[in-house]
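**Student:** Take a look at the following structure, please.
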């Protein structure tokens, strides 16, 4: 639960919901902050796997919810972290650390995206047994079209299916060598994303975005000489260890970082025209 924003603080409403960390629940209260006389599960009292109060930091959320997923991806398992909810509920702030990914990196220490990227390169840097190759893509789903954010013309991508790899899109993929080059790719892609002002949010995300970090790795051969680009050393020997627990296979895994556009009611936003059409697409289930 995020703190009240300025409009809510100065408005007539006030806080009427409260997080109960010990119960991992959220309950409705009176405007004075008192518990309701009748508690009904699913109506004014909701239980969750984990709840975070207004004073919780994004770092706490990351360490308890997302850090384990990031570590598993480096180890070879696919993982997805996504934020879902109504517009202005704090999804983009949690994922990005601020209104934009660049602002989050410069002002707040970042959101889930930054922390996951830092953890990935930290784990890779500490692993002396494997060599890694990292590539990233950045797409948005806007009005039911999949757009490539890493090209200036926002080209529309076709959704395709492969019998081996499943459903995919031919998005642009950039190879990154470190945390900073990964962030630079994010900054460039975010400039092409669709944002707009609505009656509920001054800078509302009008599209779903998916930032994919694909990690390829293979075991190093400690006895090999200098490696050539073709995966063999200067003596023509494979650089993949025969004793590796992968049997020399290349390990590939992907982390999907998803920021969903905020669902909203037209009667609350007063949206018309383009904003109304966007809201209808966003709210589809």
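The values are calculated or read from the model by the stated rules, or taken from the named source; none is laboratory data. In this text the structure is predicted, and so the values were computed from the model without any measurement. Quick reminder, even Gly has a Cβ in these numbers, built from the backbone with ideal geometry, and neighbours come from all protein chains shown.
**Student:** I'd like to verify a number: residues in the stretch 156-180 that are surrounded by 14 or more Cβ atoms within 10 Å (Cβ to Cβ) and over 16 Å from residue 254 (Cα atoms), how many?
**Tutor:** Count: 2.
**Student:** Continuing with this model, one more query. Using the structure shown, decide if residue 39 is free of Cβ contacts under 8 Å to residues at least 24 places away in the same chain and out of contact with any helix residue (DSSP H, G or I) (no Cβ under 6 Å at 6 or more places or on another chain).
**Tutor:** yes
**Student:** On to the next question. Of everything in the stretch 188-213, what is modelled with pLDDT under 90 and over 17 Å from residue 147 (Cβ atoms)? Give them in sequence order.
**Tutor:** 197, 198, 199, 200, 201, 202, 203, 204
**Student:** Would you check if there is a residue in the stretch 2-14 being in contact (Cβ under 8 Å) with a residue 60 or more places away in the chain and not assigned by TED's automatic domain parsing to the domain that holds residue 257?
**Tutor:** Checked against the condition, which is being in contact (Cβ under 8 Å) with a residue 60 or more places away in the chain and not assigned by TED's automatic domain parsing to the domain that holds residue 257, the stretch 2-14 yields at least one hit.
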